Each structure stands twice: as C-alpha cells, then as structure tokens.
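The values are calculated or read from the model by the stated rules, or taken from the named source; none is laboratory data. Computed from a predicted model, the values in this text were never measured in an experiment. Positions of Cβ are backbone-derived with ideal geometry, glycine not excepted, and every protein chain shown enters the neighbour counts.
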Amino acid sequence: MSLQAPELFAELCLPFHDHAVVGSTYFAAPVPGALLRLRIDFTGTIHADTYGGLRVAVVHPDRGEIDAVALSFVDHGTFHRRDEATNTRPNTKQYGTFDKYHRPGRPSWDGAVTTGLRDAIEQYTAVWFPGAWAAPGPSRTAGRTAHRAPVPPASRSGARTH
C-alpha cells in the first residue's frame, strides 16, 4: 500500500515554489538562490510501517544536515479528532499515528488536521529561511505581518519633532 506522501504534503499547503516529493520525502528550496534546503520526512515508531510525526531538517549541499526537529502528530493535534471519534486511547499503537494501510479510496493519514504541523513548520523555517513565508501563495501569515505605523503630522508651531 502507498503512503500517499505527495497528497499529505499538498495538504500542508507549504508556500515553497521550488519543491519536489521523492518517495516519501519532501524537498524544497525556500529561498531561491540560497544554498540551504529543507527536507521533511516521516518519523517512524517502534511499530513497523507506522508513523508518528514529521522530521524537518535544514540541509546544506556540502556540509549535509545542519539542524533538524521532530514534530510529533500527538504534540500538534494532527489526529486528535480522529482518535476521539474512534475512542482510540493514548499509549496504543494507533493513537496519534497512522500506518501505510488504509481503506480503498482514502489516504492512509485520513482524519489528519494539518494546521498544527503547518504552524510548527512555519515557525521552524522562519528561523532558517527569513522571508520564505512571505512568498506569494496560500500563506496564512499574510494577515500577521508588521506594518509601518503612520507618521504623526508635524506640529503647526514650526518646531521639529524627532
């Protein structure tokens, strides 16, 4: 059975224009022309073919991996609704995870809410790739950008204000 990684990465709506999914790994060049790249993989669990989160890494072409962070599905509420609806209990194999097996016509990560993961990826990449999230496209950060405050008018007395 297929992991359907391209569909999950598409669901995340990452704003990077230059990207590719190879196998189950997402690669991106968040800042055009920069040497650093972003790599996102699935993190396994102690159970075969079961995934518990994403591993986000910054990679340099000559020096290899510079930094990485693991983002668990449990910590980011990815399967919280699904697990509550199916009454899946913590500390079981299925809680906060998904495996490569799924119902026909449905992705293996069916029921995932990717907002928390996307926010965490945004926070992480903003450190390594400043301005990458300001790229055109479906970015939810556009409404949270800082704007220059209006300059108050000069006083009529002719005195300068600083």
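Remarks
- Among residues that are part of a loop (DSSP other than H, G, I, E, B), surrounded by 12 or more Cβ atoms within 10 Å (Cβ to Cβ) and either at pLDDT below 90 or in contact with a helix residue (DSSP H, G or I) (Cβ under 7 Å, 6 or more places away or on another chain) (or both), GLY111 is included.
- Against the test of being at pLDDT below 75, among the acidic types (Asp, Glu) and on the phi < 0 side of the Ramachandran plot, the options ASP83, ASP67, ASP75 yield a single qualifying residue, ASP83.
- Some residue of the range 26-45 being outside any helix (DSSP H, G or I), closer than 13 Å to TRP109 by Cα and out of contact with any helix residue (DSSP H, G or I) (no Cβ under 6 Å at 6 or more places or on another chain): yes
- Residue, surrounded by the most Cβ atoms within 10 Å (Cβ to Cβ), within the range 63-83, restricted to residues that are among the acidic types (Asp, Glu) and within 18 Å of ALA28 (Cβ to Cβ): ASP67
- Here the condition is being loosely packed, with under 13 Cβ neighbours inside 10 Å, of a type in the set (A, V, I, L, M) and at pLDDT below 90; of ALA20, ALA48, it holds for ALA48 alone.
- Filter result for GLY64 (farther than 20 Å from SER108 by Cα, without any contact (Cβ under 8 Å) to a residue 12 or more places away in the chain and out of contact with any Leu (no Cβ under 6 Å at 6 or more places or on another chain)): yes
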